[in-house]
Amino acid sequence: MPPYTLAQAAETTGKSRSTILRAIQSGTISAARDELTQGWLIEPAELHRLYPVASDEASDAPRTSNATREVELLREMLAHKDDVINDLRHRLDAEAEERRKLTAILTDQRPVPATKKRRWWVLRRRAAAEG
């Protein structure tokens, strides 16, 4: 059986990682450092000499409570999903309307075609001819 890491040892025995680490540091359990990761490697026989394997009932209790909390959080998130979806749809519609308005404004700002200007002397001649 390969040696346990600190986290695996804690999970197997049902103890915390800090409890296992204190036992290693005090010399109650012998362990070696991994050359590559510098993590603790604990032989299963050495670990179980001090801490027996946690029974299935004891090890399932924390997992169940964690799973229950996770399910509750997921249900809360799902309850708010409709509100989030409606909010996002509203924002999308508002932005589309704003884009339509801005497009209309921009297209109405075309340059006004120049009207044919009449010369003042042409108008004066017409007035003199009529008068």
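Restricting attention to region 42-73 and to residues that are part of a loop (DSSP other than H, G, I, E, B) and under 15 Å from Met1 (Cα atoms), the residue that is modelled with the highest pLDDT turns out to be Glu43.
Can you find a residue in region 104-127 that is modelled with pLDDT of 85 or more and surrounded by 10 or more Cβ atoms within 10 Å (Cβ to Cβ)?
Just the residues of region 104-127 that are modelled with pLDDT of 85 or more, to begin with: none.
No - not one qualifying residue is present in region 104-127.
For region 15-30, filtered to residues that are buried (at least 16 other Cβ atoms within 10 Å of the Cβ) and in a loop (DSSP other than H, G, I, E, B), the residue that is nearest to the chain's Cα centre (by Cα) is Lys15.
The values are calculated or read from the model by the stated rules, or taken from the named source; none is laboratory data. None of these values were measured; they are calculated from a predicted model. We place every Cβ from the backbone using ideal geometry, glycine too, and count neighbours over all the protein chains shown.
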